[in-house]
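Working notes, beginning with the structure itself.
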Amino acid sequence: QRIVVHGRVLDGDGRPVPHTLVEIWQTNAAGRYRHPVDNWPAPLDPNFDGVGRALTDERGRYRFVTVQPGAYPWRNHDNAWRPAHIHFSLFGRAFTQRLVTQMYFPGDPLFFQDPIFNSVRDPKARERMIARYDHAGTVPEWALAYEFDIVLRGRESTPFEDGDDDE
């Protein structure tokens with residue numbers, strides 16, 4: 001399933017953050033990363049490398065065309081699966097200013113067992129990690145669209161990881 005993922009990068013006051021480097025990485029539709037340590041036997045897609053990079057425009061907007069990522073087994077307990085997600089990395093004014101988060105999809109039945117999603121204790125903050133289906137942004141007969149705004153600071157900020165994710 002082809003998808004469009006778009007949104008804005010905003011500061012804590014809701015102002016756009018222009019010219020910010022946004023990177024994504026994700027599994028393919030079968031739930032496999034193109035990475036040497038990913039040895040789960042789902043097939044690799046020779047036409048999909050699972051990464052993307054864009055700069056936000058003057059209004060803080062970004063846009064990626066990708067595929068719906070697949071869930072994958074995580075093996076941290078019996079029958080454990082990670083929900084479909086896309087990793088986002090944002091760089092500030094220096095390479096050392098890196099923020100990493102994950103975007104999830106609405107209605108995923110695997111949220112209940114995902115330790116990363118559930119490590120965010122505030123339910124309202126967890127909701128900010130879930131993209132919004134965007135029917136108006138969907139391209140007819142071509143791709144569904146999801147909107148995911150990233151807020152860098154403040155009460156409504158997007159939850160971030162430590163930046164050392166190995167996936």
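The values are calculated or read from the model by the stated rules, or taken from the named source; none is laboratory data. Predicted model only: the values in this text are computed from it and were never measured. Every residue, glycine among them, receives a Cβ derived from its backbone with ideal geometry; neighbour counts consider all protein chains shown. We work out accessible area using only protein heavy atoms, side chains counted, and drop any ligands, DNA or RNA first. Shrake-Rupley method; radii C 1.70, N 1.55, O 1.52, S 1.80 Å.
Remark: pairs (first residue in the range 10-37, aromatic (F, W, Y); second residue open to solvent by 20 Å² or more (accessible area, probe 1.4 Å); Cβ separation under 7 Å; 6+ apart in sequence or on different chains) = W25/V51; Y33/E167. Residues that are over 14 Å from the mean Cα position of the chain (by Cα) and aliphatic (A, V, I, L, M) within the range 41-68 comprise A42, L44, L55, listed in sequence order.
With the condition kept exactly as written, say whether any residue in the range 42-62 is in contact (Cβ under 8 Å) with a residue 40 or more places away in the chain, of a type in the set (A, V, I, L, M, F, W, C) and either part of a strand (DSSP E or B) or open to solvent by 30 Å² or more (accessible area, probe 1.4 Å) (or both). Scanning the range 42-62 turns up no residue that is in contact (Cβ under 8 Å) with a residue 40 or more places away in the chain, of a type in the set (A, V, I, L, M, F, W, C) and either part of a strand (DSSP E or B) or open to solvent by 30 Å² or more (accessible area, probe 1.4 Å) (or both). Scanning the range 64-80 for residues that are farther than 15 Å from Q26 by Cα and surrounded by 13 or more Cβ atoms within 10 Å (Cβ to Cβ) gives a single hit, A80. Go through the range 21-41 and count every residue that is touching a Leu at 6+ places or on another chain (Cβ under 7 Å) and open to solvent by 90 Å² or more (accessible area, probe 1.4 Å). Selection size over the range 21-41: 1.
For the range 103-138, filtering for residues that are open to solvent by less than 70 Å² (accessible area, probe 1.4 Å) and either part of a helix (DSSP H, G or I) or without any contact (Cβ under 8 Å) to a residue 12 or more places away in the chain (or both) leaves 8.
Residues in the range 20-41 that are at pLDDT 95 or above, under 16 Å from S89 (Cα atoms) and part of a loop (DSSP other than H, G, I, E, B): T27 only.
Checking each residue in the range 140-153 for being open to solvent by 50 Å² or more (accessible area, probe 1.4 Å) and either in contact (Cβ under 8 Å) with a residue 24 or more places away in the chain or polar (S, T, N, Q) (or both) picks out W142, L144, R153.
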